[in-house]
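Working notes, beginning with the structure itself.
The values are calculated or read from the model by the stated rules, or taken from the named source; none is laboratory data. Everything numeric in this text was worked out from a predicted model, so none of it was measured. FYI the Cβ positions are ideal-geometry reconstructions off the backbone, even for glycines, and counts take in every protein chain you see. Each accessible area value is taken on the protein alone, full model and side chains, heavy atoms only, with ligands, DNA and RNA left out. Shrake-Rupley method; radii C 1.70, N 1.55, O 1.52, S 1.80 Å.
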Amino acid sequence: LKTYRFQWGLLFTNSFHSAFLFKLARIPRLLGYQKDLRGFMLTRKLPFPHNDRHHIFFYRDLVTAFLREISSQAAPSATGEYIVGQDMQLTVTGHERDETSKALAQLGVDTQATLIGISPSAAYGTAKQWLPERFRELIQRLTEASTPQGDKKQILLFGSANEREKIEAVISHLDKSRKISVFNLAGQISLRQALVAISLCRVFISNDSG
């Protein structure tokens, strides 16, 4: 890091180690939350907000403070204002929608059906996962529940490629006599395609997961 001669270090992490690392890299100005006994290393320190807001707001406040700092140090002739918006949404293109519809059709998914999305896995272990048998019971109940127009229902299960076997274990003991339309999409579509597929779902049920 030293070789790049950075002028600012913006610390999203709250650890002592991250600030110390930037100090070793001789980054002269550091901005971050006053946390983990590292306040003496920060040139611009923000009080850590002890509230229940989502972490994205903690990060946004850091960026806002950082932009104000560099704006105040700009040349007198510099004009303009930095604005960090609160509107946050993921977007997909029409091309991505078309390609995803084709990919789902090749897997047997009917995008005109009532689609119900379920993501039964989580990146950080079983502590963040609902029990497999409860997901199975939920799938049974959702399948048995009637829709207002009597539409056909299909269940889409989402996850990464390395979660495919775990998801198979969730659906392996479903009552096959009920002809449940369940599709394990784990590893079958890309992350961007998953965004589109989720947007097509009438309902989406998930663990605490990215």
**OP:** May I ask you to give the solvent-accessible area per residue for segment 9-58, in square angstrom, as obtained with a 1.4 angstrom probe?
**Re:** 63
Subject >> Phi to ³J(HN,Hα) by Karplus 6.51 cos²θ - 1.76 cosθ + 1.60 over segment 195-208, Hz, x for Gly, Pro >> reply: 4, 5, 4, 5, 5, 7, 7, 5, 9, 10, 10, 8, 6, 6
Subject >> Length-normalised contact order for the chain - Cα pairs under 8 Å, 6+ apart - percent >> reply: 18
Original post:
Using modelled backbone amide H atoms (1.01 Å from N, in-plane), which distant-in-sequence or interchain residues come within less than 5 Å of GLN34's amide H?
Top reply: LEU46, PHE48
Original post:
To the nearest 0.05, what FRET efficiency results for ARG202 and LEU174 with a Förster distance of 22 Å applied to their C-beta separation?
Top reply: 0.65
**OP:** Under 21 Å between C-alpha atoms is the cut-off here; go through the chain and count lysine pairs that meet it, provided they're at least eight residues apart or on different chains.
**Re:** 12
Subject >> Most positive-pole-ward Cα, TRP8, PHE57, ALA127, against dipole of the chain from beta carbon charges >> reply: TRP8
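Students often check this: by mean Cβ neighbours within 10 Å, which of 3-11, 45-53, 125-133 ranks highest, and how do the rest follow?
Numbers: 3-11: 14.1, 45-53: 10.8, 125-133: 12.4.
Per-residue mean Cβ counts within 10 Å order the peptides as 3-11, 125-133, 45-53.
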Subject >> Structure-derived Cα Rg over 2.2 N^0.38 Å - corresponding label in (i) 1.64; (ii) 1.50; (iii) 1.42 >> reply: (iii)
Subject >> Under Karplus coefficients 6.51, -1.76 and 1.60, residue-wise ³J(HN,Hα) of segment 109-114 in Hz, glycine/proline x >> reply: 7, 9, 5, 8, 6, 6
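Before I look further, what does segment 109-210 give for accessible area per residue, probe 1.4 Å, in whole square angstrom?
For segment 109-210, the solvent-accessible area averages 59 Å² per residue.
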Original post:
Once both axes come from the Cα atoms, what is the angle between helix 94-106 and the longest principal axis of the chain, in degrees from 0 to 90, rounded to 10?
Top reply: 40
**OP:** Give the carbon-plus-sulfur fraction of the accessible surface of the chain in %, rounded to a whole number; probe 1.4 Å, heavy atoms of protein chains only.
**Re:** 53
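In debye, nearest 20, what is the charge dipole magnitude of the chain about its Cα centre with +1 on Lys and Arg Cβ and -1 on Asp and Glu Cβ, if you could check?
On the way: 27 positive and 19 negative charges, 151 e Å.
So the magnitude is around 720 debye.
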Original post:
Based on the alpha-carbon gyration tensor of segment 1-74 and its eigenvalue square roots a ≥ b ≥ c, which shape applies: rounded if a/c is under 1.5, prolate if not and a/b is larger than b/c, or oblate?
Top reply: oblate
Original post:
Rounded to the nearest 0.05, what FRET efficiency do LYS2 and HIS95 have when you use their Cβ-Cβ distance and R0 = 30 Å?
Top reply: 0.10
**OP:** Using only Cα positions of segment 85-125, each an equal point scatterer, no hydration layer, compute I(q)/I(0) via Debye at q = 0.15, 0.32, 0.33 Å⁻¹ and quote the log10 values to two decimals.
**Re:** -0.62, -1.05, -1.06
Original post:
Rank ASP61, ASP36 by accessible area, highest first, at a 1.4 Å probe radius?
Top reply: ASP36, ASP61
**OP:** Calculate the spin-label point distance for GLU69 paired with THR126, positioning each point 7 Å from the Cα along the beta-carbon direction, and give it in nanometres.
**Re:** 4.4
**OP:** Please report the Cα spread of segment 108-210 along all three principal axes, rounded to whole Å, starting with the longest.
**Re:** 39, 29, 21
**OP:** For segment 18-33, just list the computed ³J(HN,Hα) in residue order, Karplus coefficients 6.51, -1.76 and 1.60, θ = phi - 60°, integers in Hz, with x standing in for Gly and Pro.
**Re:** 5, 5, 5, 4, 5, 5, 4, 7, 6, 7, x, 10, 10, 10, x, 7
Original post:
Near the amide H of ILE205, under 5 Å away, which other amide H atoms are found, from residues 5 or more places off or on another chain, if H is placed in the peptide plane?
Top reply: GLY117, ILE118, SER119
